[in-house]
Protein chains: 2
Amino acid sequence: MRTSLDCIPCILRQSLDAARLVSADKAVHEQVLREVLHWVSEMDLRQSPPEMAQRIHRRLREITNVDDPYRRAKDRLNRLAIELIPGFRTVIESADDPLLMAARLAIAGNAMDMGVNGNLTEADVRQAMDRALTEPFFGEMERFRQAVREARSILYLADNAGEIAFDRLLVEQLSPKRVTVVVRGVPVINDATLPDAHAVGMDEVAEVMDNGSDAPGTLLSDCHEEFRRRFAEADLIVAKGQGNYESLSDEPGNLYYLFKVKCPVIADRIRQPVGTQILVRAAHT
Amino acid sequence: MRTSLDCIPCILRQSLDAARLVSADKAVHEQVLREVLHWVSEMDLRQSPPEMAQRIHRRLREITNVDDPYRRAKDRLNRLAIELIPGFRTVIESADDPLLMAARLAIAGNAMDMGVNGNLTEADVRQAMDRALTEPFFGEMERFRQAVREARSILYLADNAGEIAFDRLLVEQLSPKRVTVVVRGVPVINDATLPDAHAVGMDEVAEVMDNGSDAPGTLLSDCHEEFRRRFAEADLIVAKGQGNYESLSDEPGNLYYLFKVKCPVIADRIRQPVGTQILVRAAHT
């Protein structure tokens, strides 16, 4: 999807939050903000928001000379999510509809997004998971169930660290021998990379690979060839998170987007309020 | 005061809101936003926020070729405020402390600010005035009372249309023969100009003048000489609104700022939560 004019103040705010998170140096904050202002003033709005975010976070890593500034935050989110997993696995196993239950929990886990909320706390995460089953859900569940039933191969595009523990619970419901879970190739924000997939034991239940890219979404042209081949061949693609939705919503394929609505631009586009759990099939095919 | 890095995303959002309010043309919205991004990327942060706002709103008037795009909104705010005045005049007259009551109402009226909230509705205004006497107040009231008692001449710097009707109620409590009420010289956002002062009958109770400037605040170097002379000579200056605070907070003088805290940057600076009614003397003298 294109970048909306309404995304621009938000991109600036997120850039400033991120700069403060990765550096205590006020000169760095100002430098980053001025560079982003300049880039955005000349931005091609046909680009999706994750393309600008990729550029901003590359620059932050370059300026601070830290390859993975969110590593500690990701470790914390993984540990917290792993603690919560046993209880929620019981919830799924005793549910009337374990697939729906696992999907809702995986979508609720999408709250662990430090691109949107750089100050995300443990209390925020616990609160988000407490609300997992009461917050509004908008989805094409029966169509998704049918697609899951029919697929021989499923590509599961993960989003964030921490959240990926809940993705594991959903993957377990998908007959995981046919599932490949994909994470980012290079650290960006708190998006999951291979160490996060391993931390939650995803490799014990399904095949795991990375996509080769450092975009906080899935920019196909930026991913390695093996991923692009899998993307083209998969019977079913499950794309987690708003970043994957923003970057893939114009791509063809048997794609289902699972995410929480995090901003008014997406709320307007998908016609559901901010905070809603979304499970929808790509509209273009 | 300087522009904070935190002001920058907000300046962008306000620019986009303003562009949409004064034009239905999406190309204009994008053009304005790109120009502002470019200006802000090179901005001297020693400038106060109203200096950037002045430049943005000048450009909006130039692009749309409309001298006073908020004229109808200002007329509506004035009419609404005038309707509310008789009831609130009774409240003041029957109060134990009419000066404090009038000050609180004038500060509550500072909610009528379309720079901060371009979508301000009649319901918002009525709600703000309903809360006028219950919302938190932080002030140096006894010091202000003493300053009012001693002053031979008072310069009252008004802020917004609509709000200026409530300024009249406060001016009436100030022995208005010694008061000069100052409005902006040229329309900018919904800031009060001479037609607004006349609409609420301010000229019936006090001297009224404009400052010659189109800044949504008081940039002394941009005001005409007569205003600057009055500013230098006044025994007491009452400056309404956050824009006057932002632009005058580094100036010497016997200045009292009366405003509602409208953003986290000012809340942090003044150490009071957003929404608080503020009546404080300038700290530098």
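The values are calculated or read from the model by the stated rules, or taken from the named source; none is laboratory data. None of these values were measured; they are calculated from a predicted model. Using ideal geometry, Cβ is built from the backbone for each residue, glycine included, and neighbour counts are taken over all protein chains shown.
Considering only residues that are free of Cβ contacts under 8 Å to residues at least 40 places away in the same chain and among the hydroxyl-bearing types (Ser, Thr, Tyr), which ones fall in region A:36-63?
Within region A:36-63, A:Ser41 is the sole residue that qualifies.
Restricting attention to region B:3-10, does a residue exist that is buried (at least 17 other Cβ atoms within 10 Å of the Cβ) and among the β-branched types (Val, Ile, Thr)?
Looking through region B:3-10, at least one residue is buried (at least 17 other Cβ atoms within 10 Å of the Cβ) and among the β-branched types (Val, Ile, Thr).
Identify the single condition in (1) touching a residue at least 24 places away in the same chain (Cβ under 8 Å); (2) farther than 15 Å from B:Pro98 by Cα that B:Thr134 does not satisfy, given that it satisfies every other one.
The one condition B:Thr134 does not meet is (1).
So, in region A:127-142, exactly how many residues are closer than 28 Å to A:Asp210 by Cα, assigned to a helix (DSSP H, G or I) and not aliphatic (A, V, I, L, M)?
Number satisfying all stated conditions: 0.
Quick test of your reading of the structure: A:Gln242 fulfils all but one of (1) surrounded by fewer than 24 Cβ atoms within 10 Å (Cβ to Cβ); (2) under 26 Å from A:Ile92 (Cα atoms). Name the failing condition by number.
The number of the failed condition is (1).
Just checking, how many residues over region A:10-31 are basic (Lys, Arg) and in contact (Cβ under 8 Å) with a residue 60 or more places away in the chain?
Within region A:10-31, residues that are basic (Lys, Arg) and in contact (Cβ under 8 Å) with a residue 60 or more places away in the chain number 1.
Being at negative phi and free of Cβ contacts under 8 Å to residues at least 40 places away in the same chain is the filter here; which residues of region A:271-285 pass it?
Matches in region A:271-285: A:Val274, A:Ala282, A:Ala283, A:His284, A:Thr285.
Given the conditions (1) closer than 20 Å to B:Val186 by Cβ; (2) modelled with pLDDT under 95; (3) basic (Lys, Arg), and given that B:Lys74 satisfies all but one, which numbered condition is not satisfied?
Result: B:Lys74 passes all but (2).
In the same structural domain as A:Asp17 (by TED's automatic domain parsing), of a type outside the set (Ser, Thr, Tyr) and surrounded by fewer than 20 Cβ atoms within 10 Å (Cβ to Cβ): which single residue out of A:Arg89, A:Arg76, A:Arg58 fits that description?
None of the others qualify; the one that does is A:Arg58.
Anything in region B:245-274 that is among the acidic types (Asp, Glu), crowded, with 18+ Cβ neighbours inside 10 Å and more than 16 Å from B:Ala53 (Cβ to Cβ)? List them, or say none.
none
Residue by residue through region A:263-272, note down the ones that are part of a loop (DSSP other than H, G, I, E, B) and either outside the structural domain of A:Asn110 (by TED's automatic domain parsing) or in contact with a strand residue (DSSP E or B) (Cβ under 9 Å, 6 or more places away or on another chain) (or both).
A:Arg271, A:Gln272
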